[in-house]
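The values are calculated or read from the model by the stated rules, or taken from the named source; none is laboratory data. Only a predicted model underlies this, so the values are computations on that prediction, with no experimental measurement involved. So basically every Cβ, Gly included, is an ideal-geometry build from the backbone, and we count neighbours across all protein chains shown. For the accessible areas, the whole protein counts, side chains as well, though only heavy atoms, and no ligand, DNA or RNA atoms are used. Shrake-Rupley method; radii C 1.70, N 1.55, O 1.52, S 1.80 Å.
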Amino acid sequence: MDAGTAEFVKSGFLAAVPFARHLGIGFVEVEHGRAIMRLPDDANHHNHIGGPHTGAMFTLAESASGAIIIGDFGDQLNRAVPFPSRVEIDFLQIALGEVIAEATLTHPREQVVAELDAGKRPEFPIEVELRTEDGTVTGRMTVTWTLKPDRG
């Protein structure tokens with residue numbers, strides 16, 4: 001992904017998702033099939049045990065997966081509406097401090113577009129790893145996205 005496209009993804013995502021902006025979620029890196037975002041350590045996001053609330057971490061992980069949708073399928077959004085159809089999340093241990101989410105597209109883009117070309121409604125997973133600044137994995141999430149053909 002060239003620098004201009006990466007900046008488009010970053011600015012477009014943050015403009016379109018005010019809740020992510022509200023939480024202070026930001027980009028670390030974005031490229032085709034991969035996005036890394038961070039949730040700053042903010043006492044306003046903490047739960048009763050001093051770490052980020054699970055809702056904030058969920059939003060971080062879902063946001064990273066959504067950045068992949070914009071970066072890899074932005075050229076398809078004139079004919080399909082993207083949305084997550086299913087999410088599975090495992091919290092493995094308490095996260096303290098800043099949290100990083102690294103999302104990876106595990107399904108070939110070409111296959112998703114081919115299904116859309118055939119008039120189908122593709123569903124495909126994006127895997128997300130949540131970790132602390134020191135690299136400790138604190139959670140994993142699978143977001144199954146769909147591209148619903150715009151028949152209107």
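Working carefully through the options Gly139, Gly66, find the one that is within 26 Å of Gly4 (Cβ to Cβ) and surrounded by 21 or more Cβ atoms within 10 Å (Cβ to Cβ).
Working: Gly139 fails: within 26 Å of Gly4 (Cβ to Cβ).
Just one listed residue meets the conditions, Gly66.
Give Arg121, Arg79, Arg140 a once-over and let me know the one that is at pLDDT 95 or above, basic (Lys, Arg), farther than 19 Å from Thr54 by Cβ and in contact with an Asp or Glu (Cβ under 6 Å, 6 or more places away or on another chain). Give the steps one after another, and end with the answer.
Working: Arg121 fails: in contact with an Asp or Glu (Cβ under 6 Å, 6 or more places away or on another chain); Arg140 fails: farther than 19 Å from Thr54 by Cβ.
Within the list Arg121, Arg79, Arg140, the selection yields Arg79.
Does Gly4 satisfy being under 24 Å from Leu96 (Cα atoms), open to solvent by 10 Å² or more (accessible area, probe 1.4 Å), part of a helix (DSSP H, G or I) and among the small types (Gly, Ala, Ser)? Don't jump to the end; show me each part of the working.
Values: under 24 Å from Leu96 (Cα atoms): no; open to solvent by 10 Å² or more (accessible area, probe 1.4 Å): yes; part of a helix (DSSP H, G or I): yes; among the small types (Gly, Ala, Ser): yes.
Spelling it out, it is not the case that Gly4 is under 24 Å from Leu96 (Cα atoms), open to solvent by 10 Å² or more (accessible area, probe 1.4 Å), part of a helix (DSSP H, G or I) and among the small types (Gly, Ala, Ser).
Residues checked against (1) of a type in the set (D, E, K, R); (2) loosely packed, with under 13 Cβ neighbours inside 10 Å:
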{"site": "Val28", "(1), (2)": "no, yes"}
{"site": "Glu31", "(1), (2)": "yes, no"}
{"site": "Glu62", "(1), (2)": "yes, no"}
{"site": "Ile70", "(1), (2)": "no, no"}
{"site": "Ile94", "(1), (2)": "no, no"}
{"site": "Val113", "(1), (2)": "no, no"}
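Considering only residues that are part of a strand (DSSP E or B) and in contact with a Leu (Cβ under 8 Å, 6 or more places away or on another chain), look in segment 33-44 and name the one that is surrounded by the most Cβ atoms within 10 Å (Cβ to Cβ). Quick ask: steps written out before the conclusion?
Just the residues of segment 33-44 that are part of a strand (DSSP E or B), to begin with: 34-39.
Imposing the further condition that a residue be in contact with a Leu (Cβ under 8 Å, 6 or more places away or on another chain) reduces the set to 34, 37-39.
Details: Arg34: 18, Met37: 27, Arg38: 17, Leu39: 25.
Across segment 33-44, the extreme among qualifying residues is Met37.
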